[in-house]
1. Give me a comma-separated list of calculated 3J(HN,Hα) values for the range 109-115, in order, Karplus coefficients 6.51, -1.76, 1.60 applied at θ = phi - 60°, integers in Hz, x for any Gly or Pro.
2. For the chain, set up a GNM with springs between Cα atoms under 10 Å and report which of F94, F15, F45 has the largest fluctuation.
3. Restricting to DSSP H runs of at least four residues, report the calculated mean residue ellipticity at 222 nm for the chain, -39500 (n - 2.57) per run over all residues, nearest 500 deg cm²/dmol.
4. May I have the extent of the alpha carbons of the range 1-70 along their three principal axes, as whole Å values ordered from largest to smallest?
5. Give the distance, in whole Å, between the Cα centre of the range 148-217 and the Cα centre of the range 1-51.
6. If we count every other residue with Cβ under 10 angstrom of N190's Cβ, Lys/Arg +1 and Asp/Glu -1, where does the sum land?
7. So what is the relative contact order for the chain, in percent, with contacts set as C-alpha pairs under 8 Å and at least six apart?
8. Summing +1 for each Lys or Arg and -1 for each Asp or Glu, what net charge is found among the other residues whose Cβ lies under 12 Å from the Cβ of I154?
Amino acid sequence: MNFVQKAIRGFHVAFLSGPMPDAVGIFMHDLADDKLDSFRWCLEFFRENGYRFVGPNEYMEGEGKRVFVTFDDNYITWVQHLDMFDEFGAMATFFTNTCALRGETSQSDLDAYYQRLANPVDSTPLTRDEIREIRSRGHIIGNHTHSHFNVGAIPHEQGCDEVRRCNEMLEDILGEPIKHFAYPYGMPRNMTSPLRDFCLAEGMETVSDATSGLLKMPNTPRHLRRTQWRTESPHDFNVRSLRADGSLFTRLTRRSAIG
């Protein structure tokens with residue numbers, strides 16, 4: 001985070017912050033070993049503060065303290081740590097790319113995919129059976145596009161194809177409709193209004209953003225709000241991110257005030 005970003009974040013955390021929202025949406029990516037302590041603390045924090053773990057629909061329409069825990073992309077570490085979710089009675093939603101399937105995708109295509117994800121430490125995708133296992137353990141599988149392109153910067157028809165292909169593959173794997181979508185990169189500039197319309201017309205019930213600092217704004221089918229839980233950052237950093245209101249900054253700049 002550069003100096004300007006730190007200054008913007010510091011202002012919002014200091015002067016545009018309030019109590020913890022009743023409805024909290026958070027997103028993460030992989031669950032590599034060095035991130036597990038932060039994730040465990042996260043689950044403990046919400047449980048001890050009276051939040052219940054919910055899926056997209058209850059996050060949008062429910063009442064009381066509720067937390068929508070989500071993961072984006074495609075990592076084997078999700079399935080490796082399902083017992084931790086069970087330990088806390090936590091359900092999560094895993095927004096999954098389908099261009100990367102272990103045992104089916106060529107190494108060159110996997111390398112290109114994980115390059116688009118900025119080459120994370122863990123670069124091993126799930127198999128079809130592992131996706132089924134996540135679902136069988138009570139979690140939700142959502143659509144994150146087939147290839148993890150910036151759908152706000154590609155032709156509309158290509159973006160529609162990315163959504164449609166992911167849906168078709170996940171439905172083939174799970175034998176059930178896919179009802180929830182989160183677009184890659186998650187900022188306003190990474191999505192278009194016509195593509196949101198397409199997703200809802202295709203039967204999606206929600207479209208999730210990933211712009212930190214918008215939890216004070218209402219959730220709608222077109223906009224489920226999520227703030228990043230940064231596993232590499234101190235716990236207090238993450239809690240402050242959830243309390244800060246960056247909605248005006250985002251409306252003006254189409255970027256996150258919180259980083």
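None of the figures in this text is laboratory data; all of them are computed from the coordinates on show. All values reported here derive from a predicted model rather than from experimental measurement. Cβ: placed from backbone, ideal geometry, glycine included. Neighbour counts: every protein chain shown.
1. The phi angles translate into 5, 5, 4, 5, 4, 6, 4 Hz.
2. Of F94, F15, F45, the most mobile in the Gaussian network model is F15.
3. -12000 deg cm²/dmol
4. 37, 32, 22
5. 24
6. Around N190, the charge tally is +1.
7. 23
8. Computed value for this residue: -3.
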